[in-house]
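The values are calculated or read from the model by the stated rules, or taken from the named source; none is laboratory data. Model, not experiment: these values are computed from the prediction. In this analysis, Cβ positions are derived from the backbone assuming ideal geometry, glycine residues included, and neighbour counts consider all displayed protein chains.
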Amino acid sequence: MSFVLKRIFDVMLSLIVAVFFIVPFCMVALMVMLTSPGPILYWSDRVGRKNKIFRMPKFRSMRINTPSVATHLLNNPSEYLTPIGSFLRKSSLDELPQLWSIIKGDMSFVGPRPALFNQNDLIALRTQRGVHELLPGLTGWAQVNGRDELLIPLKVEFDVQYLQQQTFIFDMKIIFLTFLKVLGRDGVSH
């Protein structure tokens, strides 16, 4: 699929989804504000295309004193969740602000999920396999095949499969499977 066509699709779909989700967006923002002190959005340093760092927004689901590491690296992730954090994560509503990153061009709807700036093992393996050439995605092939449950080498293997097979039809399949996973709340451990 050409980069230009994918970009046009990303912007158009982001605008449609933003309009469709404006009410839930406002409700989630209000719930975050009312249930825990701190900002509504959490801006995370993430690794983008060609390993360029960008700032990615999410609705804040963790307390403001949470260390900046992948959730699975925390000793007891549940102790850092806000009162509605688990719900936001399991429903994937915490991801809605990433539409901004898609519109801005830092992300795509489909691609490998952006690594945290300090996930050196994931970044190195993706770079070695050429995955760093892709725009990161709101969802991806690894996401629909395990999400939080995948070990890094397997996650990168799915990312490589996406790199080699990316087409508009494959992207549509991933978006559809993501929708099913979100409805079923599959693959979210916290």
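If I filter segment 71-102 down to residues being loosely packed, with under 15 Cβ neighbours inside 10 Å and in contact with a helix residue (DSSP H, G or I) (Cβ under 9 Å, 6 or more places away or on another chain), which single residue comes out as farthest from GLN143 (Cα to Cα)?
If we filter segment 71-102 for residues that are loosely packed, with under 15 Cβ neighbours inside 10 Å, which is where we start, we get 72-73, 75-76, 78-79, 83.
The next check asks that each one be in contact with a helix residue (DSSP H, G or I) (Cβ under 9 Å, 6 or more places away or on another chain); those that pass are 72, 78, 83.
On the way: HIS72: 15, SER78: 21, PRO83: 25 Å.
Among those residues, the one meeting the criterion is PRO83.
Please state which one of LYS52, LYS58 is of a type in the set (Lys, Arg) and touching a Ser or Thr at 6+ places or on another chain (Cβ under 7 Å). Explain how you work it out, then say what you get.
On the way: LYS52 fails: touching a Ser or Thr at 6+ places or on another chain (Cβ under 7 Å).
Step by step, each of LYS52, LYS58 is checked, and only LYS58 is of a type in the set (Lys, Arg) and touching a Ser or Thr at 6+ places or on another chain (Cβ under 7 Å).
Can you pull out the residues in segment 140-155 that are in a helix (DSSP H, G or I) and under 22 Å from LEU180 (Cα atoms)?
TRP141, ALA142, GLN143, VAL144, ARG147, ASP148, GLU149, LEU154, LYS155
Having 2 or more residues that are within 16 Å of the chain's Cα centre (by Cα) and modelled with pLDDT under 95 is the bar; report the helices (runs of 4 or more DSSP H) wholly within segment 20-104 that clear it.
85-91
How many residues does segment 58-107 contain that are under 20 Å from LYS6 (Cα atoms) and of a type in the set (Ser, Thr, Tyr)?
Qualifying residue count for the region: 1.
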